[in-house]
Amino acid sequence: MTDYRRLRVALLGAGAVGSQVAALLLKHGDELADRAGASLELVGIAVRDVDAPRDVDLPRELFTTDPEPLLVGSDIVIELMGGIEPARTSLLQAINAGADVVTANKALLATHGPEIFEAADQVGAQVYYEAAAAGAIPIIRPLRDSLAGDRVQRIMGIVNGTTNYILDRMDTEGAEFSDVLAQAQSLGYAEADPTADVDGYDAAQKAAILASLAFHTTVPLEAVHREGIRSIDKQMIDDARHAGYVIKLLAVCERLPGDDGWEAISVRVYPALVDRAHPLASVHGANNAVFVQAEAAGNLMFYGAGAGGVQTASAVLGDVVSAARRHIAGGVGVGESTRANLPTVSIGHVTTRYQITLEVDDRPGVLATVAGTLSDGRVSIATVEQTVIDPADAAGQPGPTARLVIGTHKAREQDLSETVQRLAESGVVERVVSVLRVEGD
Ligand code: NAP
C-alpha cells in the first residue's frame with residue numbers, strides 16, 4: 001500500500017447524508033486515498049446525540065457532541081448538519097483554522113454564501129458545495145469550471161424532487177394536489193411541514209446558488225422571485241396536457257441583454273408550462289434536472305437524483321477528494337468569481353409567453369372585447385381556443401359560458417398582469433381561471 005500523506009477529515013452531522021458519507025469514507029478509504037493522493041482519516045463525527053439511531057453502523061468512538069476540537073485540528077471539515085447556526089459559525093471557525101470545507105447546505109450558502117467565500121479567500125482556503133444545488137447531480141463543477149470559458153445564457157432547473165413528484169403524479173394519474181401531498185408525506189417523500197418544498201423556498205435557495213455561479217454575480221436570496229405549486233389544480237394540469245404542455249416547478253436563471261451592451265439577470269421560481277417535447281418534460285418522479293443554455297456549448301442537460309442520503313453522499317465525497325488533492329498540491333484556493341456584478345431585475349421586467357384561461361359570457365362581441373383589451377395592453381395573441389362550457393359546470397352563472405384558452409407571444413410580465421386585471425374588470429370575463437408562464441423556447 002502506498003504511504004500517503006495523512007489528511008484529517010472531520011464530519012459535522014451524521015443524518016441522512018452524513019451517515020452515508022462516513023460509511024463510504026470508511027468502506028472505500030484505500031480507493032479514495034489512491035484517487036486523492038492522500039490518506040483520508042475520519043477523525044470524528046459531531047452530532048447532537050451520540051446515541052441516536054443511525055442509518056448505517058458506524059464506530060461509536062468516532063462520535064462526539066463537542067465539535068470544537070474537530071474544527072481546529074482538521075485539514076478538511078465536512079458540514080452536513082443543515083440550517084444556519086451552528087453550521088455558519090462552525091464553517092467560519094474551520095476556515096479560519098486553515099481547513100478546506102465541504103458543505104451541502106443550500107440554506108446557508110443562499111443566505112451567507114458571500115461571508116463564507118470571503119472568509120475562505122482571506123486565508124486561501126476553498127469551499128466545496130457540489131451537493132448544495134441538485135444533490136447527486138454534478139452541476140456546480142460544470143458551471144464553475146467546465147463552462148468557465150463560455151457565457152451561460154439561461155438555466156432552467158427542476159431542482160426540487162418533492163414538487164416534481166407531486167406534479168408528475170397529478171399529471172400521470174389525474175390526482176388532486178392535496179391527495180398527492182398527503183400520500184407523499186406518508187411515504188416520506190415530503191416533510192410533515194411541506195412549506196420549504198411546495199412554496200418554492202428550497203428551489204429559490206438553489207436558484208440563488210446556480211445564478212451566482214453562472215453569472216459571476218452575487219445573487220441574494222431576496223432577489224429571487226418565488227411562487228410555489230399550491231395553486232395548481234387538476235383542471236390546470238388537464239388544460240396543460242390538452243395544449244401539449246406539462247406543468248413543472250422551474251428555477252429559471254436568465255441573462256437579459258439590454259441596449260448598448262447593458263446586461264441584467266432574472267432569477268425566478270414558479271410553476272410553468274413546458275412543452276412535452278422539451279427534455280425537462282420527461283423528468284419524472286422525484287428526479288431533478290438542470291438544463292443549461294450557453295453561448296458556445298449550446299444546450300446541456302444534467303439529470304439524476306436531486307436528493308437521497310447515499311446519492312448526495314456521492315457528490316460530497318467527490319468534493320472531499322477534490323479538497324484533498326488541493327491540499328496535497330498546495331497553493332491558495334480559487335474563490336468564486338463575482339466580478340460581473342450584474343443587476344437583478346424584478347419579475348415585472350421579465351418577458352415570457354403566457355397561457356391565460358378565462359371563463360367568459362358566451363355572446364357576440366365578447367371575443368372582440370378580450371382581444372382589444374389584450375392588444376391595448378401590449379399583449380399579442382398567438383393562439384385562441386374557445387369551448388362552450390356545459391351549463392351544469394358553470395354553476396351560478398346566469399347565461400351561457402365559454403372557456404377561452406389564450407396563448408400569447410412574449411409579453412412583459414408587468415403589461416400582462418395589468419392587462420389580466422383589466423380583463424377581470426371588463427364585465428365580459430366571469431372568471432380568470434389561470435395565468436401560467438410558458439418556458440423552454
Ligand atoms: P439530517 O438527516 O437532519 O441530519 C442532520 C445531522 O446533523 C444529524 O446527525 C444531527 O445530529 C446533526 N446536527 C444537527 N444540528 C446539530 C448541532 N447543533 N450540533 C451537532 N450536530 C447537529 O440532515 P440531512 O438530510 O443529512 O442533510 C444534511 C445537509 O445536506 C443539509 O444541509 C441538507 O440541506 C443537505 N442536503 C440533503 C439532502 C438529502 O437528500 N437529505 C440532499 C442534498 C442536500 P443527531 O443525529 O444527533 O440529531
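The values are calculated or read from the model by the stated rules, or taken from the named source; none is laboratory data. Quick caveat: nothing in here was measured; it's all calculated off a predicted structure. Glycine also receives a Cβ, built like all others from the backbone with ideal geometry; neighbour counts cover every protein chain displayed. All accessible areas refer to the heavy atoms of the entire protein, side chains included, with ligands and DNA or RNA removed. Shrake-Rupley method; radii C 1.70, N 1.55, O 1.52, S 1.80 Å.
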Subject >> Conditions (1) open to solvent by 30 Å² or more (accessible area, probe 1.4 Å); (2) without any contact (Cβ under 8 Å) to a residue 24 or more places away in the chain: number failed by Q153 >> reply: (2)
Original post:
Identify, please: which residue in segment 8-35 is farther than 14 Å from T312 by Cα, among the hydrophobic types (A, V, I, L, M, F, W, C) and touching a strand residue (DSSP E or B) at 6+ places or on another chain (Cβ under 6 Å) and is, among those, nearest to the ligand (Cβ to nearest atom)?
Top reply: L12
Subject >> Condition broken by F117, with the remaining ones in (1) open to solvent by 20 Å² or more (accessible area, probe 1.4 Å); (2) within 16 Å of the ligand (Cβ to nearest atom); (3) not assigned by TED's automatic domain parsing to the domain that holds D238 satisfied >> reply: (2)
Original post:
Which of the residues spanning segment 66-94 are open to solvent by less than 40 Å² (accessible area, probe 1.4 Å), more than 9 Å from the ligand (Cβ to nearest atom) and out of contact with any strand residue (DSSP E or B) (no Cβ under 6 Å at 6 or more places or on another chain)?
Top reply: L71, G73, L92
Original post:
Only one residue in V56, V21, V9 is in the same structural domain as R325 (by TED's automatic domain parsing) and in a strand (DSSP E or B), so which one is that?
Top reply: V9
Subject >> Unmet criterion (only one of (1) open to solvent by less than 30 Å² (accessible area, probe 1.4 Å); (2) more than 30 Å from V292 (Cα to Cα)) for D415 >> reply: (2)
Original post:
Just wondering, is there one or more residues in segment 43-65 that are more than 31 Å from the chain's Cα centre (by Cα), open to solvent by less than 40 Å² (accessible area, probe 1.4 Å) and away from the ligand (no atom under 14 Å from the Cβ)?
Top reply: yes
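Yes/no per residue for (1) in a helix (DSSP H, G or I); (2) not charged (D, E, K, R):
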residue	(1), (2)
L317	yes, yes
A323	yes, yes
H327	yes, yes
V332	no, yes
E336	no, no
N341	no, yes
G348	yes, yes
Subject >> Residue under evaluation A243, criteria (1) closer than 19 Å to R154 by Cα; (2) out of contact with any helix residue (DSSP H, G or I) (no Cβ under 9 Å at 6 or more places or on another chain); (3) among the aliphatic types (A, V, I, L, M), criterion not met >> reply: (1)
Subject >> Selection from segment 297-335 of residues that are farther than 16 Å from Y4 by Cα, at pLDDT 90 or above, away from the ligand (no atom under 16 Å from the Cβ) and open to solvent by less than 60 Å² (accessible area, probe 1.4 Å) >> reply: A297, G298, L300
